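The values are calculated or read from the model by the stated rules, or taken from the named source; none is laboratory data. The shown structure was predicted, so the numbers you read here are calculated from the model rather than taken from an experiment. Methodologically, a virtual Cβ is constructed for each residue, glycine included, from the backbone with ideal geometry; neighbour enumeration extends over all protein chains shown.
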Amino acid sequence: MGSGAVRIERADFSDPRIVELLALHFRTMRSTGPEESCHVLPIERMDRPDLFLFAAWNGETLLGIGAYQVLDEDHAEVKSMHVREAGRRLGTGQALLDHIVAEARRGGVARLSLETGAGDFFVPAQTFYERNGFTRCGPFGTYTGDPNSAYYTRTI
């Protein structure tokens, strides 16, 4: 990675680099388990007023994306966290999550929840969220119990 700090900013859905990384995230998530257990949000459903997508950059290099979607007046869901291989183990995911937490809090959100996979592929994600104060919970929002899903929540 080049010199300089990771810069987090609101993602632009018209930027082909953003679209490409969202497509990679979608394909990766779809490849990890049964379709009925894959809750990744399709790109065409992401450009909406209740969803806030952020991008992590180093210069002009896109390192990762992450979003939150408002569920109700004080509850939101972390969505579509994905860091490219080149941005991993460099604090990119942490910078994205910290930014999401700060922006959600600024928007009046008091609780963040998320759904991730329950299989071995998702152990690093589970560990990351647990390290950041998320604890296991039951299904929330429109989710129903699914043995292939792990649900987490935390107050912010």
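Per-structure values
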| item | result |
| --- | --- |
| Given (1) over 15 Å from VAL78 (Cα atoms); (2) acidic (Asp, Glu); (3) modelled with pLDDT of 90 or more, number of the condition ASP120 does not satisfy | (3) |
| Enumeration of residues in segment 82-133 that are within 22 Å of ALA11 (Cβ to Cβ), aliphatic (A, V, I, L, M) and loosely packed, with under 15 Cβ neighbours inside 10 Å | ALA86, ALA102 |
| Segment 46-76: number of residues that are more than 19 Å from GLU115 (Cβ to Cβ), touching a Ser or Thr at 6+ places or on another chain (Cβ under 9 Å) and surrounded by 13 or more Cβ atoms within 10 Å (Cβ to Cβ) | 3 |
| Filter result (outside any helix (DSSP H, G or I), over 20 Å from LEU51 (Cβ atoms) and not hydrophobic (A, V, I, L, M, F, W, C)) within segment 106-138 | GLY117, GLY119, ASN132, GLY133, THR135, ARG136, GLY138 |
| Lone unmet requirement of (1) within 12 Å of the chain's Cα centre (by Cα); (2) more than 21 Å from GLY133 (Cβ to Cβ) for LYS79 | (2) |
| Residue within segment 24-42 that is within 30 Å of THR144 (Cα to Cα), at pLDDT 60 or above, in contact with a Ser or Thr (Cβ under 7 Å, 6 or more places away or on another chain) and in a helix (DSSP H, G or I) present | yes |
| Yes/no for GLY4 being surrounded by 12 or more Cβ atoms within 10 Å (Cβ to Cβ), modelled with pLDDT under 90, assigned to a loop (DSSP other than H, G, I, E, B) and over 16 Å from the mean Cα position of the chain (by Cα) | no |
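Yes/no per residue for (1) in a loop (DSSP other than H, G, I, E, B); (2) modelled with pLDDT of 90 or more; (3) within 24 Å of TYR143 (Cα to Cα):
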| position | (1), (2), (3) |
| --- | --- |
| SER14 | yes, no, no |
| ARG17 | no, yes, no |
| GLY64 | no, yes, no |
| VAL70 | no, yes, yes |
| ALA86 | no, no, no |
